[in-house]
Amino acid sequence: MAGLLVLAAIGTPACPGQKKRKNPPGAKDEQKRAVHALNRLAFGPRPGDVERVAQMGVDKWIELQLRPEKIDDSALDSRLAPFRTPAHGHDASW
């Protein structure tokens, strides 16, 4: 009886009728990974983020997040250009 409980607790992958999954993760699985990564490593997904991260690949997205100097910020830089900010090394008092 104890042996059956142990087998039930750890699972029996060699049981007849059970098939091992050998298929590579599909698009749906990659979207689930993207949602999980965005929830855990960012502030959650914004519109379009799940599709973008899934298409890019979660591993590549994480690598990019760890190396922010590789992120293209030119669109943000052009939007911020009209605003005046104190220069480094000068009097920053407001």
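The values are calculated or read from the model by the stated rules, or taken from the named source; none is laboratory data. All values reported here derive from a predicted model rather than from experimental measurement. Heads up, the Cβs are rebuilt from the backbone with ideal geometry, glycines too, and the neighbour counts pull from every protein chain shown. For accessibility, only protein heavy atoms count, side chains too; no ligands or nucleic acids. Shrake-Rupley method; radii C 1.70, N 1.55, O 1.52, S 1.80 Å.
List of remarks:
- Members of segment 29-60 found to be open to solvent by 50 Å² or more (accessible area, probe 1.4 Å), under 16 Å from I71 (Cα atoms) and among the charged types (D, E, K, R), listed by number: R52, D59, K60
- Flag for R79 being in a helix (DSSP H, G or I), open to solvent by 100 Å² or more (accessible area, probe 1.4 Å), of a type outside the set (D, E) and free of Cβ contacts under 8 Å to residues at least 60 places away in the same chain: yes
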